[in-house]
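The values are calculated or read from the model by the stated rules, or taken from the named source; none is laboratory data. Everything numeric here is computed off the predicted structure, so don't read it as measured data. When we count neighbours, we look across all protein chains shown, and the Cβ atoms used for this are built from the backbone with ideal geometry, even at glycine. We work out accessible area using only protein heavy atoms, side chains counted, and drop any ligands, DNA or RNA first. Shrake-Rupley method; radii C 1.70, N 1.55, O 1.52, S 1.80 Å.
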Amino acid sequence: MFTTPILLITFNRPDHVRQVLTEILKQEPQELYICQDGAREGNTNDRIKCQEVRDVVNELTSAYAIGHREFTLHTLYHEKNLGCGPGPAAGITWFFEHVEMGIILEDDAVPHEDFFEYASILLEKYKDDESVRAIGSMKLYDDTFGNGSYYFSMMNRTLCAWASWRRAWKYFDYEMKQYSVKGLNVAMKKYGATLREREYWQERLEEIHRDCLGGSSWDQQFWMTIWLTGGKGICPNSNLSTNIGFDEFGTHTTDGNNVGSCRPLEGILPLVHPTDTSIQRK
């Protein structure tokens with residue numbers, strides 16, 4: 001059985017959940033965590049779809065558990081809607097209250113089968129390297145960096161399918177109150193970020209200080225805390241997840257022509273570890 005714990009974050013998309021959960025169960029996980037945000041108040045369709053998601057989870061995991069006695073399923077089903085920022089953040093916090101390290105997938109990120117072993121190997125390899133904070137899955141551009149299967153980056157190319165450690169998540173700060181725009185500018189200069197990049201992220205931090213981006217984000221806060229505390233991410237030189245959420249059911253992702261939409265999957269095993277440890281900007 002696959003022993004690295006896995007968290008699946010869900011909401012109201014049963015068809016998406018079926019695709020992603022099917023890929024997870026192919027790995028024969030020993031321990032699976034599932035977090036679902038609650039239906040929005042007064043939204044009848046949400047209530048129906050959220051229940052359909054739970055039905056899919058019960059159907060697939062019950063069938064899987066019959067042949068896997070060591071399988072443990074943990075669920076956190078919110079009855080009230082937290083939103084697409086606080087909801088996933090609460091789920092990840094819950095996950096790391098129970099595990100030291102693990103894999104995290106959202107319900108619109110279909111992983112390549114190699115993603116799981118790739119993530120598991122790197123979680124173990126870098127578990128004591130405080131500078132490494134996240135292991136990404138998606139390759140958005142044609143560039144190849146370094147001489148290995150993956151490279152180090154200031155970005156963690158999409159947090160829809162990724163892996164991390166409790167020690168890294170402890171830096172997460174949803175409201176970012178303790179951090180200043182000036183401090184972010186100084187921190188990003190150390191990564192060689194351009195003026196335009198620094199200005200963009202300073203504006204995002206100002207929005208977070210105002211209203212946490214309207215409750216729509218958690219990943220931008222996580223990226224910024226990585227930069228502000230001198231960390232880095234890992235990105236693959238092969239695309240290990242494809243996002244199926246760029247459709248009419250998406251919250252932020254409705255443009256099917258987006259560079260991140262339904263990218264072809266690629267294998268990455270066996271891994272070649274890079275000797276170049278420089279940090280790329282993308």
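Observations, loosely collected:
- For the range 1-52, the solvent-accessible area with a 1.4 angstrom probe is 43 square angstrom per residue.
- Within the chain, helix-based [θ] at 222 nm, where runs of 4 or more DSSP H residues each add -39,500 (n - 2.57), nearest 500: -11500 deg cm²/dmol
- Potential lengthening between Lys26 and Arg210 on full extension [0.36 nm per residue; Cα-Cα distance subtracted]: 61.9 nm
- Just the protein heavy atoms count here, and of the accessible area of the range 9-132 at 1.4 Å, carbon and sulfur take up 45 percent.
- The local environment of Gly42, defined by Cβ-Cβ distances under 15 Å, has a net charge of +1 under the rule Lys, Arg +1 and Asp, Glu -1.
- Summary value for the chain: 23 percent relative contact order, contacts being C-alpha pairs under 8 angstrom separated by 6+ residues.
- Using a probe of 1.4 Å, the accessible surface attributed to Trp201 totals some 30 Å² when neighbouring protein chains are kept in position.
- Relative contact order of the range 34-102: 51 percent, from C-alpha pairs under 8 Å at least 6 residues apart in sequence.
- FRET E, pair Thr144, Leu73, Förster distance 30 Å, beta-carbon r, rounded to 0.05: 0.20
- Förster-model FRET efficiency, 45 Å R0, His98 and Arg281, C-beta, rounded to 0.05: 0.85
- Counting only DSSP beta bridges with both residues in the chain, the antiparallel share comes to about 40 percent.
- The mean sequence distance of close C-alpha pairs (under 8 Å, at least 6 residues apart), as a share of the length of the range 12-166, puts its relative contact order at 27 percent.
- Ordering 112-118, 175-181 by mean Cβ neighbour count within 10 Å, with the highest value first, yields 112-118, 175-181.
- FRET efficiency estimate (nearest 0.05) - Cβ-Cβ, Glu197 to Arg40, R0 22 angstrom: 0.05
- Separation of the alpha carbons by more than 26 angstrom is noted, of Lys26/Lys170; Lys127/Lys282; Lys49/Lys232; Lys170/Lys190, for Lys26/Lys170; Lys49/Lys232.
- Per residue value of the accessible surface for the range 148-197 (all protein chains in place, 1.4 Å probe), Å²: 45
- Dipole of the chain, positive end: most advanced residue of Pro270, Ser120, Phe152 [Cβ charges, Cα centre]: Phe152
- Cα centre as origin, Lys/Arg/Asp/Glu Cβ charges: the chain dipole, Debye: 860
- For Ile226, net neighbour charge (Lys/Arg +1, Asp/Glu -1) across residues whose Cβ lies under 10 Å away: +2
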